[in-house]
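Student: This structure is in structure tokens; I'll ask about it shortly.
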Amino acid sequence: MIYRAMPAVWEPKFRRNFYERWGRESAVISARARRAEYPEFRQLLSVKAAFGGAEDYFIDGRRITVDDDTFAIINTDRTYASRIEALRPVQSFSIFFDRSLPAQAWQSLSRAQSALDCPVDAEQWPVEFAEKLYEHDSLVSPVLRHIRVAVDSGPVEDAWLDEQLLFLLGRMVRLHNKKLRIEAVIPSRKPATRKELLRRLGLGVDFMQTRYRDPVRLKDIAGAAHLSPFHFLRVFKSVYRISPSDYVNRKRAMAALRLLRESNWTMNAVADHVGFGSRTSLYRHLRAHYGVEPRELRST
């Protein structure tokens, strides 16, 4: 199923036809909206992205926000809600996998272990993906962009879409395997402890990615991760090789750079919107992270 408008599940006729098919086949939603809200619903394995703005997802009592810099993976049978509330249209992009598709992908991957970063066991599916925000990368993101461009360009064949989704699942498994390797650098002797610390670290990263425009303090980030500030700082630096404050400012600089290129907002408005608060801070961080001056990005 391909949806180029946000599914109108609040309309009785559409809702009936929609749920007759929903969950029985894969689906792609690529639609623009300024406002949209969906209540909690039990869903399929899915990948979430947003372009030209942000979309909020509410899961396990927390909010995670996907935007131009990030995507999220949410596992099968998870219950969550979503919301878009923006001044200009946001492109919501979601891929939902038919329940049978991951098993097909896993069987294929188990026959081609050499194509993966580490061996797989055909009996281990389903993979429990880390439900967190991932920065756009060279592994999963190119496949998301390829599918998005094709869907936005016009009709796509079902066979082609199935092939692309199987390929995407393979990339997602490689991303999962990459996470397993990262666990090895967590400062703890016990594998179970390393796994839990990485999960909590992800909660802290989600908090920073979602709330970067607000005043963000280390104790707030560590609180979201259910760790002490000292312990969070130690684990975060062991994985990311930078401090949490540097991470937040890098995110702000990335958002500011995009606004300066794509909008006619004033420097003060951009600085305030992304959380820098002042033009001076904006200038300093753009120089530090990108080696550019704001005036180089604009003619005025």
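Values in this text are rule-based calculations from the coordinates and carry no lab data. Values in this document were obtained by computation on a predicted structure and should not be read as measured data. Neighbour counts are summed over all protein chains in view; Cβ atoms, including those assigned to glycine, are modelled from backbone coordinates with ideal geometry.
Student: What is the local net charge at residue 147, summed over the other residues whose Cβ is closer than 12 Å to its Cβ (Lys, Arg +1; Asp, Glu -1)?
Tutor: Surrounding charge for residue 147 is 0.
Student: For the chain, set up a Gaussian network in which alpha carbons nearer than 10 Å are linked by springs, and say which option among 34, 88, 16 fluctuates the most.
Tutor: 16
Student: Please go through the residue pairs 179/237; 48/132; 132/178; 48/237; 132/251; 219/251 and name each one whose alpha carbons sit more than 21 Å apart in this structure.
Tutor: 48/237
Student: Please compute the contact order of the chain in relative form: average sequence separation of alpha-carbon pairs under 8 Å and at least six residues apart, divided by the residue count, as a percent.
Tutor: Reported as a whole number, the value is 13 percent.
Student: Highest mean first, what order results for 66-72, 168-174 on Cβ atoms within 10 Å?
Tutor: Result, highest mean first: 66-72, 168-174.
Student: By its C-alpha gyration tensor, with a ≥ b ≥ c as the square roots of the eigenvalues, how is segment 167-300 shaped: rounded for a/c under 1.5, else prolate for a/b larger than b/c, else oblate?
Tutor: prolate
Student: Here are several values of Cα extents along the principal axes in Å: (i) 54, 51, 34; (ii) 63, 40, 38; (iii) 63, 42, 35. Which one was derived from the coordinates shown?
Tutor: Calculated Cα extents along the principal axes in Å: the matching label is (i).
Student: Can you tally the net charge around residue 157? Count Lys and Arg as +1, Asp and Glu as -1, for every other residue whose Cβ sits under 15 Å from the Cβ of residue 157.
Tutor: -4
Student: Per residue of segment 268-273, in order, report the coupling 6.51 cos²θ - 1.76 cosθ + 1.60 (Karplus, θ = phi - 60°) as ³J(HN,Hα) in whole Hz, putting x for Gly and Pro.
Tutor: For segment 268-273, the Karplus-derived couplings read 5, 5, 4, 4, 5, 5 Hz, x marking Gly and Pro.
Student: Enumerate the amide H contacts of residue 133 below 5 Å, restricted to partners 5 or more residues apart or on another chain; note that Pro and chain-start residues carry no placed amide H.
Tutor: For residue 133, whose amide H was placed from the backbone, the distant partners under 5 Å are 206.
Student: Summing -39500 (n - 2.57) over the DSSP H runs of n ≥ 4 in the chain and dividing by its residue number, what mean residue ellipticity at 222 nm do you reach, to the nearest 500 deg cm²/dmol?
Tutor: -15000 deg cm²/dmol
Student: Could you tell me which of rounded, prolate or oblate describes segment 139-182, using a ≥ b ≥ c as the square roots of the eigenvalues of the alpha-carbon gyration tensor, with rounded for a/c under 1.5 and, failing that, prolate when a/b is larger than b/c and oblate otherwise?
Tutor: oblate
Student: Using the crude model of +1 on Lys and Arg Cβ and -1 on Asp and Glu Cβ, and no other charge, please compute the dipole size for the chain relative to its Cα centre, in debye to 20.
Tutor: The calculation lands at about 1040 debye.
Student: Among DSSP beta bridges whose residues both lie in segment 1-110, state the antiparallel percentage, nearest 5.
Tutor: Counting only bridges with both partners in segment 1-110, antiparallel ones make up about 90 percent.
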